[in-house]
Amino acid sequence: MKIAFTADVHLAGSEHPDRLAALEDILVQASERGAEKVVVAGDLFDASRRVYSDFEALCDQPRFECLEIYVIPGNHDWDITPEDFTPARLRVIAEPQLMQLDDTGLDFLFVPYVQDRAMGEEIAPFANKLSANRWILIGHGDWGEALRSPNPYEPGTYMPLTRLDIETYQPAIAFLGHIHKPFDGQKVHYPGSPYPLNISEVGHRRFLILDTHTLAVESSTVNTDVIYFDERFVVVPVQDEVVYLRDKISERLAGWNITDDDKQKVQVRLRVTGYSSDRSRVARVLEEAFSSFHLYRGEGADLSDLRVSRDVGRESIAERTGVKIGDLDWPARPGEPTYDDILLEALRLIYET
């Protein structure tokens, strides 16, 4: 059997119909891909505004009659209950519950969000019923590795799942909500928000599909009407800044992995820092390179952090330093400093000492 997983939809009625459209796309794709169940791992609704009728109307559409929909409360909708909804195919699991969803013998432990509780505390009462690597955890909270990439939308720690929990209870896979950025660890997966709530939620949005027979987890792109990118470029005062910057832009655009049809959906925020001998030329290069895309809020590139450099000696040191940093094997784990972060700190030492 196939089960689709999403989380952090943050439905908010007529204020954000695009979020409901993203959920609808997930249901469409899930049914087309042969999924029988869709699980929402918390924060189906936004705390500020809940309109249950729109969601119920979507669930009740005949084209989704093949799908059962399971929802657990998250920190934004912690107080929803089964009594709040009418569709027969919709199950709200408001208390921790262990169940089997198909004939594979896999157990699924649903752990709704509870304020000031750790996820391990909610798992513990079921410990004697959990067979190692034969159960799936579905929860809403923080996982340490994913927390290396801070969530600006919701600072703080929420119902943490620890490495010790994973080692002690040994789920085969854990699907979590709360972190809006997609994340795939060895056992822990965040599908991420299916629609970007703000400019920090960049790139294609997705949902996940689990094959309960093989335990394979597959990612599928959600069709949204906007795709955000938030790009920062560090300029090094090399001999030919234009070539250097164009190469960096080309690398970044290739990493977007978008189609020609996607281009009209893109909204990009541009920020430039570092040191340049010609700030106006940097601005022209950026304007030319991103002319095919919409700029976020119509704003041009932010060059307020780009300094002027005409010190030939320091420029030579900066160029050689950039090459040296690029040759080193920096870890690419979430939350670790990037090449640009390290280069910028090196430039500050060179130019501001």
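The values are calculated or read from the model by the stated rules, or taken from the named source; none is laboratory data. The model shown is predicted, which means the values in this text are computed figures rather than measured ones. Note that each Cβ is placed from the backbone with ideal geometry, even for glycine, and that neighbours are counted across all protein chains shown.
Does residue 9 qualify as being in contact with a Leu (Cβ under 6 Å, 6 or more places away or on another chain) and surrounded by 15 or more Cβ atoms within 10 Å (Cβ to Cβ)? Yes: the conditions hold for residue 9.
Residue pairs whose Cβ atoms lie under 7 Å apart, separated by 6 or more positions or on different chains, with the first residue in the stretch 135-164 and crowded, with 18+ Cβ neighbours inside 10 Å and part of a strand (DSSP E or B) and the second at pLDDT 95 or above and among the β-branched types (Val, Ile, Thr), are 136/173; 137/111; 138/39; 138/72; 138/111; 139/111; 140/72; 143/188. Looking for something touching a residue at least 24 places away in the same chain (Cβ under 8 Å) and farther than 24 Å from residue 220 by Cα - is there at least one such residue anywhere in the stretch 15-22? Checked the stretch 15-22: at least one residue is touching a residue at least 24 places away in the same chain (Cβ under 8 Å) and farther than 24 Å from residue 220 by Cα.
Comparison of 213, 204 shows that the only residue that is in contact with a Ser or Thr (Cβ under 7 Å, 6 or more places away or on another chain), surrounded by fewer than 15 Cβ atoms within 10 Å (Cβ to Cβ) and not in a strand (DSSP E or B) is 213. Looking only at the stretch 33-52, decide whether some residue is among the basic types (Lys, Arg), in the same structural domain as residue 139 (by TED's automatic domain parsing) and surrounded by 15 or more Cβ atoms within 10 Å (Cβ to Cβ). Checked against the condition, which is being among the basic types (Lys, Arg), in the same structural domain as residue 139 (by TED's automatic domain parsing) and surrounded by 15 or more Cβ atoms within 10 Å (Cβ to Cβ), the stretch 33-52 yields at least one hit. Scanning the stretch 97-114 for residues that are farther than 14 Å from residue 43 by Cα, assigned to a loop (DSSP other than H, G, I, E, B) and of a type outside the set (D, E, K, R) gives 100, 101, 104, 105, 106. Each residue in the stretch 205-218 was checked for being within 13 Å of residue 26 (Cβ to Cβ) and touching an Asp or Glu at 6+ places or on another chain (Cβ under 8 Å), and 2 pass. Residues of the stretch 3-30 that are on the phi > 0 side of the Ramachandran plot and at pLDDT below 95: 13 alone.
Scan the stretch 64-84 for residues that are touching a helix residue (DSSP H, G or I) at 6+ places or on another chain (Cβ under 7 Å), assigned to a loop (DSSP other than H, G, I, E, B) and closer than 17 Å to residue 12 by Cβ and the total you get is 0. Only one entry in 4, 30, 94 is under 30 Å from residue 132 (Cβ atoms) and part of a helix (DSSP H, G or I), namely 30.
When the criteria are applied in full, residue 82 meets the requirement of being in contact with a strand residue (DSSP E or B) (Cβ under 7 Å, 6 or more places away or on another chain), more than 23 Å from residue 162 (Cα to Cα), at pLDDT below 95 and surrounded by fewer than 18 Cβ atoms within 10 Å (Cβ to Cβ).
Residues in the stretch 241-269 that are loosely packed, with under 13 Cβ neighbours inside 10 Å, more than 18 Å from residue 221 (Cβ to Cβ) and among the hydrophobic types (A, V, I, L, M, F, W, C): 243 alone. Annotation: residue 117 fulfils all but one of (1) within 15 Å of residue 161 (Cβ to Cβ); (2) not in a loop (DSSP other than H, G, I, E, B); the unmet one is (2).
Can you find, within the stretch 281-313, the residue that is surrounded by the fewest Cβ atoms within 10 Å (Cβ to Cβ) among those that are closer than 16 Å to residue 246 by Cβ, of a type in the set (Gly, Ala, Ser) and touching a strand residue (DSSP E or B) at 6+ places or on another chain (Cβ under 9 Å)? Among those residues, the one meeting the criterion is 292.
A single member of 230, 225 is assigned to a strand (DSSP E or B), surrounded by fewer than 19 Cβ atoms within 10 Å (Cβ to Cβ) and either under 20 Å from the mean Cα position of the chain (by Cα) or not small (Gly, Ala, Ser) (or both), and it is 230. Filtering 56, 65, 83 for residues that are within 22 Å of residue 28 (Cβ to Cβ), more than 28 Å from the chain's Cα centre (by Cα) and acidic (Asp, Glu) leaves a single hit, 65.
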